[in-house]
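What follows is one structure encoded as structure tokens, with my remarks underneath.
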């Protein structure tokens, strides 16, 4: 399989992951600067991304369970893309996850005891997008034939 094809597989998932991350980053930064006016917006975005992440996480799990009948699927390969995704896809999806974690730590550290603390729920979204990509497009070892 060529690199061009492997980079295009699941492009919508990678794009959706970065769109969600981008929306979160923008609202978290604005809420950090203007906590009184935008705290509720940041809270709402965090909760919506968390809810979407929960749904996508479950969806990825269901797809992975179906694939596990023929493929050996491990948690590291499914949610952290270890050995199952091209390096560029792994970099893009895990990069999105890392940005979510860093922004949650930094913004909630600046505004302690605020709505920004809910940003720690957002990485569920990034992790779920990794899982969905791997469940749908990841390369796993085939399950050995029963003896």
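Computed over region 28-73, the P(r) tail beyond 13 angstrom holds 64 percent of alpha carbon pairs. Averaging the sequence gap over all C-alpha pairs within less than 8 Å and six or more residues apart, then dividing by the number of residues, gives the chain a relative contact order of 40 percent.
Taking the Cβ of each residue in 147, 141, 100 as the centre, tally the other Cβ atoms inside 10 Å and list the residues starting with the fewest.
On the way: 147 3, 141 12, 100 28.
With the sparsest Cβ surroundings first, the list reads 147, 141, 100.
Hey, in the GNM for the chain with a 10 angstrom Cα cutoff, which one of 79, 61, 113 fluctuates hardest? Taking springs between Cα atoms under 10 Å, the residue moving most is 113. Each of 120, 34 was scored by other Cβ atoms within 10 Å of its Cβ. Arranged with the fewest first, they read 34, 120.
Rounded to whole Å and ordered largest first, report the semi-axes of the equivalent ellipsoid of region 101-147 derived from its Cα gyration tensor (root of 5λ).
Over the Cα atoms of region 101-147, the semi-axes work out to 38, 9, 8 Å.
Highest GNM mean-square fluctuation among 104, 115, 11, for the chain modelled with Cα contacts below 10 Å: 11. Seen against the Cα atoms of the chain and their longest principal axis, helix 87-110 is set at about 20 degrees. Footprinting exposure proxy ranking of 81, 93, 47, 62, fewest other C-beta atoms within 10 angstrom first, gives 62, 47, 81, 93.
The GNM of the chain, with springs linking C-alpha atoms under 10 angstrom apart, assigns the highest mean-square fluctuation among 84, 27, 70 to 70. What the Cα convex hull of the chain gives, in volume per residue, is 99 Å³.
Using the alpha-carbon atoms, what tilt in degrees (0 to 90, nearest 10) does helix 35-67 show relative to the longest principal axis of the chain? That helix lies at roughly 10 degrees to the long axis. Between helix 11-33 and the chain there is an angle of about 20 degrees, using the helix long axis and the longest principal axis of the Cα atoms.
No lab work stands behind these numbers, since they all come straight from the coordinates. What you see is a predicted model; the values in this text were computed from it and never measured. FYI the Cβ positions are ideal-geometry reconstructions off the backbone, even for glycines, and counts take in every protein chain you see.
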